[in-house]
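Engineer: Questions regarding the structure given below will be posed in turn.
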Amino acid sequence: MSRRFLIAGNWKMNKTPSEGHELASGIGQFVKKDESVEVVVCPTYPALDRVSQAIEGTAVKLGAQNLYPKASGAYTGEISAEMLRAVFVKYVILGHSERREYFAESDDFINDKVKFSLENLLHPILCIGETLEQREAEQTLDVVKKQLLGGLEGVSKADLNNVVIAYEPVWAIGTGKTATPEMAQEVHAFIRKLLTEAYDDNASQKTRILYGGSMKPSNAADLLAQEDIDGGLIGGASLEVNSFCDLVDAARNAG
Ligand code: PGA
């Protein structure tokens, strides 16, 4: 089964609205209308609207970095799905390890957000991955299983179609240490096996599993050549037009 590669830029807490506009415009010029690779940029909330305008009419899609799983109301500091959709957001990153670590997000809370996103026609990018300590204690597969099944609890087979999984080993995020292609593939294949068990082979084969953690132009080709790696969730290398577009190019060539 051929899955369309997805390259998503996670800008984290970087770029003002005008800087975001400039970066997104540069990416928009590079991405073709009939692009073989799906390209998504995920700016901060204040930059969403400007970035949305910058990519209008291009094939680049917009993502957010989080949402709150309620329609509206007294939730100071939070953002609703409706607000995101109003500026044409299509994807939303959920369960990123930085949110799990710094904001104590649990699998249950992340699961609420996954379901809420799907009900509101947003595509979740569900992030899972082990810490260095967990890898060294040989708990990687257990952690990944718990986060994957916890995040997807109650998600139907039809809805799985609209979910993207991102495997991001925490020790590889922003550290310059990448999982070797073989290490990443082993976990990606495990995730696909879990999806087959929880759903079925067809649903599992259709689901895209991205790799994240110091992916950059110099290591992307080897990672993307792995059978179960269907793209990347990119932090550092998504903050410059050239490096991000080189990653889109690597995915084009891997396709
Ligand atoms: P990185 O971040 O590419 O800077 O390692 C990836 C991520 O956290 O999504």
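Engineer: Please build a GNM for the chain, connecting alpha carbons under 10 Å apart, and tell me which residue among Gly26, Gly235, Gly63 fluctuates the most.
Structural biologist: Its mean-square fluctuation being the largest, the pick is Gly26.
Engineer: Pulled fully out, how much extra length does the chain show between Ala198 and Glu56, if you take 0.36 nm times their separation in residues and subtract their Cα-Cα distance?
Structural biologist: Gain on extension, Ala198 to Glu56, equals 47.4 nm.
Engineer: One quarter of the convex hull surface, Cα atoms only: what value does that give for the chain in nm²?
Structural biologist: Working: hull surface 49.5 nm².
Averaging across all directions leaves 12.4 nm² for the Cα convex hull.
Engineer: Read phi for every residue in region 113-121 and hand back ³J(HN,Hα) as whole Hz from Karplus 6.51 cos²θ - 1.76 cosθ + 1.60, θ = phi - 60°, with x for Gly and Pro.
Structural biologist: Each residue of region 113-121 in turn: 5, 4, 5, 5, 4, 5, 4, 9, 6 Hz.
Engineer: Just how large is the dipole of the chain about the Cα centre, in debye to the nearest 20, putting +1 at every Lys and Arg Cβ and -1 at every Asp and Glu Cβ?
Structural biologist: Dipole size: approximately 580 debye.
Engineer: Continuing with the same structure: For the chain, modelled as a Gaussian network with Cα springs under 10 Å, which listed residue fluctuates most, Ile125, Ile79, Ile110?
Structural biologist: Ile79
Engineer: Next question, about the same structure. Tell me what the chain gives for mean residue ellipticity at 222 nm when only DSSP H runs of n ≥ 4 count, each as -39,500 (n - 2.57), the sum divided by the residue total, rounded to 500 deg cm²/dmol.
Structural biologist: Here the helix-only value at 222 nm equals -13500 deg cm²/dmol.
Engineer: Under a 5 Å amide H to amide H cut-off, with H placed in plane at 1.01 Å, what residues pair with Ala166 once short-range neighbours are removed?
Structural biologist: Correct list: Leu126, Cys127, Ile128, Leu210.
Engineer: Arrange Asp107, Asp201 by Cβ neighbour counts within 10 Å, fewest through most, would you?
Structural biologist: On the way: Asp107 19, Asp201 13.
Ascending Cβ contact count within 10 Å gives the list Asp201, Asp107.
Engineer: Positive end of the dipole of region 5-254, charges at C-beta (+1 Lys, Arg; -1 Asp, Glu), about the Cα centre: which of Ser243, His123, Ser18 has its Cα farthest in that direction?
Structural biologist: Ser18
Engineer: How much FRET efficiency would the formula 1/(1 + (r/R0)^6) give for Met83 and Lys145, where r is the Cβ-Cβ distance and R0 is 45 Å, rounded to 0.05?
Structural biologist: Plugging the Cβ-Cβ distance into 1/(1 + (r/R0)^6) gives 0.85.
Engineer: Expressed in nm to one decimal, what extension gain is obtained for the pair Asn242 and Lys33 from 0.36 nm per residue of sequence separation less their Cα-Cα distance?
Structural biologist: Between Asn242 and Lys33, full extension yields 73.4 nm more.
Coordinate-derived values only; no laboratory data. This one's a predicted model, so the numbers in the text were calculated from it and none came from an experiment. Virtual Cβ from ideal backbone geometry, glycine too; neighbours counted across all protein chains shown.
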